[in-house]
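Notes follow once the structure below has been shown.
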Amino acid sequence: MKTFYIALILIVSFVGASAQQQASPAKLTDEQWDLLFADLQGENWKEAFDLSSEYIETLKNDDKADAIENLRYILLYSAAGSVSIDKMSYDDLEKQLPKVVGKKVALPFHPIGSDCHPPMFNYVCKSSGEDYDVMITTSNSTATTILAFEYIKLAKKFDFAKHDGELGAVVGTVYKIVPNPNKSRILIMRIFTKDAEIKLQSDLKNPETDPADKNSASN
């Protein structure tokens with residue numbers, strides 16, 4: 001399975017290209033992204049949280065800013081990781097939620113699963129319930145901590161069977177986040193997203209012609 005680090009590079013490249021088409025002046029440097037990616041890859045949760053929080057402030061949490069959707073998700077992801085290793089309290093986690101609730105986020109690419117039984121970690125799974133179309137169980141790299149159960153309602157139907165096993169990334173609007181009331185370090189929170197769509201990795205530019213994608217493929 002692709003690492004979170006590689007998958008994240010790919011979705012940043014996709015959403016970043018979309019943002020650039022909107023001619024937004026807000027953009028982070030390659031060096032800034034490299035620092036953040038390194039902390040995510042090493043699961044240096046608090047450091048990744050601090051950087052993503054700083055970058056969101058730099059971009060003023062502006063929906064037109066380059067890859068802001070990625071940063072919002074990274075903020076949640078790294079905050080949950082920080083809570084799991086006792087470097088952030090649940091009270092401090094809740095203070096971060098207004099930065100994301102009601103706003104658009106972009107998740108990293110995960111394999112698509114049309115049948116995730118038994119439950120599979122870090123898969124874009126077809127939901128078996130009626131309220132949501134997608135269910136993702138997001139964990140750390142060793143699958144010892146569930147950082148979030150993610151419940152996603154798609155804006156339009158998606159053929160999971162046709163794309164089973166492909167890499168897909170969800171982009172949508174977070175409308176509710178529920179931290180674990182038991183304040184567990186094993187399961188941190190639940191995230192609810194609506195008006196979402198699944199972006200396929202195959203829709204990205206050819207890695208051989210896009211430097212960002214080429215670099216991600218070589219890691």
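Points to keep in mind about this one:
- Sparse-neighbour loop sites [trypsin sites (Lys or Arg not before Pro); segment 108-199; at most 13 other C-beta within 10 Å; DSSP]: Lys156, Lys157, Lys162, Lys183, Arg185
- In order through segment 119-128: 3J(HN,Hα) via Karplus (6.51 cos²θ - 1.76 cosθ + 1.60), integer Hz, x for Gly, Pro: x, 10, 7, 6, 10, 7, 9, 5, 6, 8
- Residue among Val83, Phe49, Gly168 farthest towards the positive dipole end of segment 48-172, charges placed on Cβ: Gly168
- Three-way shape call for segment 98-160 based on the alpha-carbon gyration tensor, with the a/c threshold at 1.5: oblate
- Note, ³J(HN,Hα) from phi for segment 173-182, Karplus 6.51, -1.76, 1.60, rounded to Hz, x at Gly and Pro: 9, 6, 10, 7, 10, 10, x, 4, x, 7
- Charge dipole of segment 20-101 (Cα centre as origin; +1 on each Lys and Arg Cβ, -1 on each Asp and Glu Cβ, all else neutral): 260 debye, rounded to the nearest 20.
- Karplus-derived HN-Hα couplings along segment 85-102 (A = 6.51, B = -1.76, C = 1.60, θ = phi - 60°), whole Hz, x at Gly and Pro: 9, 6, 9, 8, 8, 5, 4, 5, 4, 4, 5, 8, 4, x, 5, 10, 4, x
- With the simple spin-label model, which puts each label point 7 Å out from Cα in the Cβ direction, the Lys176 to Arg190 separation comes to 0.7 nm.
- Segment 50-199 shape via C-alpha gyration tensor axes, a/c threshold 1.5: oblate
- Distant-in-sequence amide contacts of Leu154, defined by a placed amide H-H separation under 5 Å and a gap of 5 or more residues or a different chain, comprise Asp133, Val134, Ala196.
Here, each number is a calculation from the coordinates, and none is a lab measurement. What you see is a predicted model, and the numbers here were worked out from it, not measured in a lab. Neighbour counts run over all protein chains shown; Cβ positions are idealised from the backbone, glycine included.
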